[in-house]
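Right, one structure below, let's go through it.
Just so you know, all these numbers are worked out from the coordinates, no wet-lab data involved. Keep in mind it's a predicted model, so treat the numbers as computed, not measured. Don't worry about glycine lacking a Cβ; one is built from the backbone with ideal geometry, like all the others, and counts go over all protein chains shown.
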Amino acid sequence: MGLSVHCIERLNKDIFNNSLNKDNRSTAILMPGIEILREAGIWKKISKHSAPLKIMRLADAGGEKGRIRYIADFSSKEVNQDQFGFNIPNYLLKKEMMTHLFGYQNFSIKYGKNLSKVITRNKEAITLFDDGTRISAKLIIGADGRDSFLREINNIKKKKWSYNQKALTFVVTHEIPHDHISTEIHKNGGPFTLVPLPSEGVNKSAVVWMDKAEIINALIAMTEKDFSYELQKRSLNVLGEINIEGIKSSWPIISQYAKKLYGDRLALIAEAAHVFPPIGAQGLNTSFGDLRSLSSLIKQCLEKNEDYGSETNLKKYNKDRWNEIYVKILGIDALNRAALFENKILKDFRLKSLKLIHKTGSLRNIAISSGLGY
Ligand SMILES: Cc1cc2nc3c(=O)[nH]c(=O)nc-3n(C[C@H](O)[C@H](O)[C@H](O)COP(=O)(O)OP(=O)(O)OC[C@H]3O[C@@H](n4cnc5c(N)ncnc54)[C@H](O)[C@@H]3O)c2cc1C
């Protein structure tokens, strides 16, 4: 749109790049997000690092024997789509995005800058940094994560709750090809998910293993040999022999949403606005929805010569996004709570619900559409 964009990052460049390289997670980007990357002219570069996700497989192993007792497959073909989305290692996704951004003359990134104050005026916001420098802008986009400073200084309330649960993430190689099937195994404590990665000559998948915090802590403290045994057991051999490659990292699981998405010349996006448990690939995909909404609002304002940082216009952004985010937060919270069931009656109820969704055409279509991100 020809606007000048200054990106401010608190971490210094080396720490930022280091944490980027150490991020062993991958992100399943659903089709609306892929469309945004295509429009931005960056998808071609990212696609070479991606694996298409063609089938979502939910396996229930919540019975007494702990074996798989029901498999529900949802295929993108049923709705005439080649795939639900693509899975991409985070460090490659971010690297390609950064390289692309540096190609714009009207883009700059400033590392190691700590925002200390914001002064808002009629037509602009002035951001002041610890080092005495300042930047003025019509609009500040608050993408400063779940503990957002911008959200706090604007007195925007948030609702947050946790589940005493963590996610352990790592990459595995495996004997049986994944065939572009993303597999989520439900037992108790949270799902164990295998998400296809590009093969690079060996079969590879990303693992998100969710469980109670104490169990994840114990898994991290285990010897390599004991961990391998637990991993093989938890995977229920769905991909044959499975081996961890590289490091593991753990992430606390919370749900959180901001009670409104705007402040004085401020629009909140991404985790500053919403945090989900990593189920159903909602996090970054919802952030793509924020981007779509905000950029079309800015575009309309530019066409009409209106101030896109005004309260009237930012209220439109809030109206467009808030309900959708809230409904998604409640939906993912319900799915996560169902994955946490320990009681036999509740686990059997979860199985019945899965069978019902899998076998009832209309419910099945809703599940497939939400898997596609529409
Ligand atoms: C295990 C796991 C798996 C996931 N899988 C998926 C998936 O498959 N698909 C999906 O869509 N989503 C997924 N997500 C969610 C996704 O990773 C998050 O939505 C995303 O990482 C959040 O990005 P963010 O930019 O909002 O926040 P962050 O990554 O936290 O970035 C915030 C940045 O702001 C900087 N910052 C903070 N405060 C300031 C300040 N005052 N001044 C300047 N800079 C500041 C920080 O240094 C940081 O770099 C997953 C999440 C987890 C934990």
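Here are the numbers for this structure:
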quantity: Rg over Rh, two decimals, segment 74-143 (C-alpha only, Kirkwood Rh); calculated: 1.21
quantity: Within the chain: Cβ-based charge dipole about Cα centre, in debye rounded to nearest 20 (Lys, Arg +1; Asp, Glu -1); calculated: 800
quantity: Rough spin-label spacing in nm, given labels placed 7 Å along Cα→Cβ, for Glu200 and His100; calculated: 2.1
quantity: In Å, descending, principal axis extents of the Cα set of the chain; calculated: 66, 44, 38
quantity: For Ser136, net neighbour charge (Lys/Arg +1, Asp/Glu -1) across residues whose Cβ lies under 12 Å away; calculated: +4
quantity: As computed over segment 147-220, the Cα convex hull volume per residue (Å³); calculated: 157
quantity: Cα-based equivalent ellipsoid of segment 182-319: semi-axis lengths in Å, sorted from largest, via gyration tensor; calculated: 42, 17, 11
quantity: Percent of beta bridges antiparallel (DSSP, the chain, rounded to nearest 5); calculated: 80
quantity: From phi via Karplus (6.51, -1.76, 1.60), per-residue ³J(HN,Hα) for segment 245-259 in Hz, x at Gly/Pro; calculated: 10, x, 8, 10, 9, 10, 9, x, 9, 9, 10, 7, 9, 7, 6
